[in-house]
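Right, one structure below, let's go through it.
The values are calculated or read from the model by the stated rules, or taken from the named source; none is laboratory data. Keep in mind it's a predicted model, so treat the numbers as computed, not measured. FYI the Cβ positions are ideal-geometry reconstructions off the backbone, even for glycines, and counts take in every protein chain you see.
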Amino acid sequence: MRSFVSVGMFVFIAILFLSGLIMEVGEEVLETVYEDRAKIPIVFLFVMSFATATHVLSGIFFALLSIFHISKNWNALKNHIKSKSGKISKESILAFTCIAVVLILSLAITCIKEL
């Protein structure tokens, strides 16, 4: 079962990456190339819709597999978070800091794009 979860998470993260890339590039093409929505090729719209649906479903399955993975490895995760002295480990602080930086940068990019 662990192999299934590990391989599944790897496959779904790869699909999330590719479908997200297709969606982002597709949005840029829509904004820069096609001013009139009626002129957008049906194949292009299909690919965008397919990428969006694939992205959403892959995200759901990735989240479910992640929850299962965490539940099976909870004790190991707790050991990684705490150092031997019982405090939060330096690696955990670094990981949480990286997450905070990504969220702050995402918020800044979103605000800049919307202005």
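For residues that are of a type in the set (Phe, Trp, Tyr) and not in a loop (DSSP other than H, G, I, E, B), scanning just region 22-64, find the one that is farthest from Phe4 (Cα to Cα). Step by step, filter region 22-64, then rank; the result is Phe44. Please tell me if Phe17 is closer than 25 Å to Glu114 by Cβ, at pLDDT 95 or above and either assigned to a helix (DSSP H, G or I) or not polar (S, T, N, Q) (or both). Answer is yes for this residue.
Just a yes or no: is a residue in region 68-83 closer than 25 Å to Phe17 by Cβ and over 22 Å from the mean Cα position of the chain (by Cα)? Checked region 68-83: at least one residue is closer than 25 Å to Phe17 by Cβ and over 22 Å from the mean Cα position of the chain (by Cα).
Against the definition (within 23 Å of the chain's Cα centre (by Cα), exposed (fewer than 11 other Cβ atoms within 10 Å of the Cβ) and in the same structural domain as Gly8 (by TED's automatic domain parsing)), how does Ile104 come out, yes or no? Lay out the reasoning, then the answer.
Working: within 23 Å of the chain's Cα centre (by Cα): yes; exposed (fewer than 11 other Cβ atoms within 10 Å of the Cβ): yes; in the same structural domain as Gly8 (by TED's automatic domain parsing): no.
No.
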